[in-house]
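A short worksheet on the structure shown next.
Each reported figure results from applying straightforward, stated rules to the coordinates on display, with no laboratory input. Treat the numbers as computed from the prediction; the structure is a model and nothing was measured. Don't worry about glycine lacking a Cβ; one is built from the backbone with ideal geometry, like all the others, and counts go over all protein chains shown.
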Amino acid sequence: MNQYLVQHPQTVEDYASQYSSDFVSRWDELIDWDLRKEGENGFFENLLKRAGARRVIDVSTGSGFHSVQLKKAGLNVVATDGSPTMLTKARHNFQKHGLDIETHHLDWLALDPSVLGTFDALVCLGSSLCHVFEEIDRLKVLANFKALLKPGGLLVVDQRNFFAICAGRYKSSGQYYYCGGNASVTLGEVNSELCEFIYTFEDDERYSLKVYPLLPEQLKSELNASGFSYRDMYGDFKRPFDMLSADFVIHTAVAL
Ligand code: SAH
């Protein structure tokens, strides 16, 4: 049985230790690329194309799922992540798909437009931003995201639906994001400061991720405070949607 790795991650840097090589080696089993692709039905590709985006940065590429979909859709993609284990997995997946995608091992606080250039769109997907616990740190991260975008550039951030989770309505339908049939995602500790997800695989191997339960309205106001103009909120890729029943909430905003 795997040990829970980090007791109380509180800082921006602690996320990387939660993505142990064991956990990351099972990430694609957890998400099931084919089913995830089916569940999304081209949502992000269409959103970016409608916005006229050509050069896109995926700042939490993880094992590379969205970078691959976006590259296959004809976009020019740069993939970054702060977890070395995840980035290694992404590079392997890019090679497996025969795709040449520029990658960088970078924490969000180290993203620098003078090195990376600027982009028409930035995606931060798979409920990643909630790894940042403190508002003051999220504001720094969002300012860095903004600095990477050209004026009018599109930001797309998604989160698990912490509104529903905090209201006791957690649901993981298995239709979106985590689609793998041989793993279940349940809740551990939940309070206004911490939300723990427990990933249990068929062979009883268990991993835990501890994140901040970032509420949709809070993220919306943080975006508006960080040089973005908030645009739309989607629930499980649809709009309008029921805030108590969506698994994931997707936010779009435009860099001013
Ligand atoms: N987008 C992928 C991975 C989601 S897991 C997917 O949907 O499958 C969350 C990812 O965010 C992890 O790969 C983690 O390393 C990354 N991450 C979290 N905090 C980060 C930070 N401060 N800087 C860079 N990457 C970060």
Can you tell me the length gained on complete extension of the stretch E205 to K171, counting 0.36 nm per residue apart and subtracting the Cα distance? 10.1 nm
Sequence-separation-based contact order of the range 3-147, relative, with Cα cut under 8 Å and 6+ spacing, percent: 27
Expressed in angstrom and rounded, the centroid-to-centroid distance over alpha carbons for the range 17-45 and the range 235-256 is 19
Relative contact order %, the range 101-175, counting alpha carbon pairs below 8 Å whose residues are six or more apart: 41
Ranked highest first by average number of other Cβ atoms within 10 Å, how do 176-183, 90-97 line up? 176-183, 90-97
Two pseudo-spin positions, 7 Å from Cα along C-beta at V115 and at S221, lie apart in nanometres by 3.4
Point-to-point label distance, K140-K72, nm (Cα→Cβ direction, 7 Å offset): 3.7
May I ask for log10 I(q)/I(0) of the range 71-186 at q = 0.16, 0.17, 0.20 Å⁻¹, from a Debye sum over the Cα atoms as equal point scatterers with solvent left out? -0.96, -1.07, -1.32
May I ask which of K37/K146; K37/K96; K89/K150; K37/K89; K72/K171; K49/K140 have a Cα-Cα span longer than 24 Å here? K37/K146; K89/K150; K72/K171; K49/K140
With r defined as the distance between the Cβ atoms of L99 and K150 and R0 fixed at 35 Å, what FRET efficiency is calculated, to the nearest 0.05? 0.90
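Ranked from highest to lowest mean number of other Cβ atoms within 10 Å per residue, what is the order of the peptides 152-165, 240-253?
152-165, 240-253
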Given contacts defined as C-alpha pairs under 8 Å and at least six residues apart, what's the relative contact order of the chain, whole-number percent? 21
Equivalent-ellipsoid semi-axes of the range 116-256, from the Cα gyration tensor, Å, largest first: 27, 16, 15
Kirkwood calc, the range 15-255, C-alpha pairs only, radius in angstrom 17.9
Taking 7 Å along the Cα-to-C-beta vector as the label spot, tell me the T186-S229 distance in nanometres, rounded to one decimal. 4.7
Rg/Rh of the range 181-221 (Cα atoms, Kirkwood Rh), to two decimals, equals 1.12
